[in-house]
Amino acid sequence: MHYDLYNEDIFQSGGLFLFISIVMMVILGGIYFLPSIIAIIKKSEYVGLICVINLFLGITFIGWLTALYMALTMPSRALRIPPPPPAQGGYGYYGSDPSNVPPAGWR
């Protein structure tokens with residue numbers, strides 16, 4: 001008995017083969033774009049850079065590892081602490097506390 005894989009009914013109907021192919025493409029695509037997905041979920045400051053590195057250099061294993069490392073270690077926008085508001089008062093840069101004002105005549 002000769003067994004020919006390509007003459008089997010599964011490949012002629014194409015239904016199951018197409019389904020398996022699509023599932024595999026989605027899984028492999030998810031793995032390929034994992035660094036970008038992580039950067040987007042973490043809201044990284046460098047999400048654009050990570051996505052570009054992942055898209056163009058991810059085909060090389062070094063590029064993919066670089067993008068993954070960046071996605072996991074770069075700070076996110078959600079954790080950034082905003083700068084303090086400017087001091088209010090009549091003393092300009094030194095704020096409203098008179099003890100912070102330099103001595104008279106000092107420049």
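None of the figures in this text is laboratory data; all of them are computed from the coordinates on show. Predicted model only: the values in this text are computed from it and were never measured. Cβ sites come from the backbone with ideal geometry, for glycine too, and all protein chains shown count toward neighbours.
For the subset of the stretch 39-57 comprising residues that are in contact with a strand residue (DSSP E or B) (Cβ under 8 Å, 6 or more places away or on another chain) and crowded, with 18+ Cβ neighbours inside 10 Å, which member is farthest from residue 76 (Cα to Cα)? Filtering first and then ranking leaves 50. Taking every residue in the stretch 21-37 that is of a type in the set (Phe, Trp, Tyr) and pairing it with any residue that is surrounded by 10 or more Cβ atoms within 10 Å (Cβ to Cβ), at least 6 positions away or on another chain, the pairs with Cβ-Cβ distances below 8 Å are 32/54; 32/58; 32/64; 33/54; 33/58.
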